[in-house]
Amino acid sequence: MIEVKNIDKSFGEVQILHDINFTFQEGKTNIIIGQSGSGKSVLAKCIVGLHKPENGQILYNGRDLISMGKREKKEIRKEIGMLFQGGALFDSLTVEENVMFPLTMFTKMSKKEMRERVKFCLDRVNILDKNKLFPSEISGGMQKRVAIARAIVMKPKYLFCDEPNSGLDPRTSILIDDLIKDLTEEYKMTTVVITHDMNSVLEIGENIMFIYKGKNHWTGDKESILTTQNKEVTDFVYSSKFMRMYREKIMK
Amino acid sequence: MNIFYHIGRYTEMLGQMFSKPEKFSVYWNRLMEEIYQLGIKSIGIVVLMSAFMGMVIVIQTATAIDSPLIPAYTVGFTTKQSIILEFSPTIISLILAGKVGSNIASELGSMRVTEQIDALEIMGVNSRNFLVTPKILGTVLIFPLLIVFSMLFGFLGGWFACVSTELVTVEKYIYGIVAFNNNDMMYLTYALSKTAVFAFIMTSISAYQGYYVKGGSLEVGKASTRAVVYSSVLILLFNYLITQLVLI
């Protein structure tokens, strides 16, 4: 479980996050949604420790990330897997080496054990046949799958996915969403997905936070987000023609 | 942003770089890779530049000496002094600042804008230590060796000019190089030491420019340019300071 309490974050004079409070539930797919520029990614980067908030607490099962020392922070980070928007795979390493990287750095596994673990993870995301290729030689969707394999190779307790569907076609997006959902259940991870894609929200969202102008504006689940009367949320949810048609169909 | 902000952040980067590595074997491999990428792969350009400069120095010196009172071996002696004291350590370092500096800044800048550095940090890897330290250590270790190569090929270039132009005999040229060698070891130590300092300057400045890039590919390009310009200016400044300290 990750608890976020009273988080404020500014860049210079501009305050991005205002008093954010939320609990990311254990073993569930938690979603942060909101418009572009609402502060979703900044919040996610605060939670994983890439940005330091001015105020508040970020509690990983009660351990406060902000006040802890370097060594403790390092240990917590080994429990975190992250899927970045662009994949963030290392260009100079092959697919296999990318996935093996965290094992090489932080475990005492033998080469054979590492290869077996990497093979298992690549197989789990259905990309084992591309293991000898470089990231530039595979498609965007494949890169995302490799990044997921790298994120789960250390069996993390927490998985963060920043815009996992950006730049992907609808079919590949669904595959990635399904993969995130399945892995969350399989590894009993606390997963946090940052997105503005309503399809993803409806596919995998179990515990949703809607950020509006840097504030936690609404929380709920994927059923309640379709029926809420909150103006900002409905404006966001039903901004696409597809979602408006869906609403009309339900109302009929 | 003011200069003190950059000096502070640069110092912080250097401080973070020298923490204990996560896994020594991984860092050793990274060091070897950087020595190959930044040093061994630069041998070609160093050899080419040095050989041609050696040829030109011999021709220019030989044609500039008009007086019959100045002995012919002066050409060899002047070539040796020019190459050891200034051409190899400073001019080659400036050339390497262009090649290696832009390479480092663009590599780290690209890693920054594609979130690869963030990915390292999330995994718990000290990214400054992992990415920058092997580059600095690699160049500080390998560049003096490159400069020794540069000196040798500079002398060879001079020899070739003697043979092809017959402005000076090879015997006189070689005599000029090997004679009057009282200070040669001191000059060689001075040249190689200042090369190590230049290597540190160009690598750390370029790494700083690349590591802290914000924005996109346009910013990466600007960072590469800044890396080369700032490194070159600082190399010239430190060249003057070291020379004044050591030789006066």
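No lab work stands behind these numbers, since they all come straight from the coordinates. What you are looking at is a predicted structure, and each value in this text was computed from that prediction instead of being measured. Positions of Cβ are generated from backbone atoms using ideal geometry, with glycine treated the same way; all protein chains shown enter the neighbour counts.
Some notes on this structure:
- Magnitude of the charge dipole, chain A, Cβ model with Lys/Arg +1 and Asp/Glu -1, debye to 20: 460 debye
- Across the stretch B:1-145, Cα pairs under 8 Å and at least six residues apart give a relative contact order of 51 percent.
- Convex hull volume of the Cα atoms of the protein assembly as shown, normalised per residue: 183 Å³.
- Bridge orientation summary for the stretch A:116-252: considering DSSP beta bridges with both residues in this region, about 50 percent are antiparallel.
- Estimated vicinal HN-Hα couplings, Hz - the stretch A:106-113 in sequence order (Karplus 6.51, -1.76, 1.60; Gly, Pro = x): 10, 10, 10, 5, 6, 4, 5, 5
- Rounded to 0.05, the FRET efficiency of the B:Met186 and B:Lys222 pair, given R0 = 41 Å and the Cβ-Cβ distance, is 0.50.
- Percentage relative contact order, the stretch B:87-192, counting C-alpha pairs under 8 Å, at least six apart: 30 percent
- Given charges at Cβ of Lys, Arg, Asp, Glu: chain A dipole, positive-most of A:Leu83, A:Gln35, A:Asn21: A:Leu83
- Whichever aspartates and glutamates have a C-alpha closer than 13 Å to that of A:Lys222, once near sequence neighbours (fewer than 8 apart) are set aside: A:Asp197, A:Glu203, A:Glu206
- Within the stretch B:1-90: Cβ-based charge dipole about Cα centre, in debye rounded to nearest 20 (Lys, Arg +1; Asp, Glu -1): 260 debye
- Cα-based reach from A:Lys144 at 17 Å (exclusive), listing lysines while leaving out same-chain residues under 8 positions away: A:Lys119, A:Lys130, A:Lys132, A:Lys181
- Rounded, prolate or oblate (a/c below 1.5 giving rounded, otherwise prolate when a/b exceeds b/c) for the stretch B:134-201 by Cα gyration tensor: oblate
- Spin-label model, B:Thr74 to A:Glu54: label points 7 Å out along the Cα-to-beta-carbon direction sit 7.2 nm apart.
- Overall, the stretch B:63-209 carries a charge dipole of about 140 debye about its Cα centre when +1 sits on the Cβ of Lys and Arg and -1 on the Cβ of Asp and Glu, all other atoms neutral.
- Inter-probe distance in nm under a simple model that places probes 7 Å from Cα toward Cβ, at A:Val14 and A:Asp221: 3.7 nm
- Remark: B:Ser204, B:Ser50, A:Ser67, A:Ser166 ranked as A:Ser67, A:Ser166, B:Ser204, B:Ser50, counting other beta-carbon atoms within 10 Å and listing the fewest first.
- Shape category assigned to chain A from the gyration tensor of Cα positions, a/c cut at 1.5: oblate
- For B:Ile84, net neighbour charge (Lys/Arg +1, Asp/Glu -1) across residues whose Cβ lies under 12 Å away: 0
- Label-point gap, in nm, between B:Val26 and B:Thr165 - each point 7 angstrom along Cα→Cβ: 5.5 nm
- Cβ-based exposure ranking for B:Val213, B:Val197, B:Val148, B:Val75, in which fewest neighbours within 10 Å come first: B:Val148, B:Val197, B:Val213, B:Val75
- The residues neighbouring B:Gly109, those whose beta-carbon lies less than 10 Å from its own, together hold a net charge of +1 under the Lys/Arg +1, Asp/Glu -1 convention.
- Reach of B:Lys20 by Cα under 17 Å, taken over lysines that are not fewer than 8 positions away in the same chain: A:Lys70, A:Lys73, A:Lys74, B:Lys135
- Between the beta carbons of B:Met13 and A:Arg247, assuming R0 = 60 Å, the FRET efficiency works out to 0.70 to the nearest 0.05.
- Charge-dipole axis of chain A as Lys and Arg at +1 and Asp and Glu at -1 on Cβ define it, positive-most pick from A:Gln229, A:Leu175, A:His196: A:Leu175
- Other residues lying with their Cβ under 11 Å from the Cβ of B:Lys214 contribute a combined charge of +1, Lys and Arg counting +1, Asp and Glu -1.
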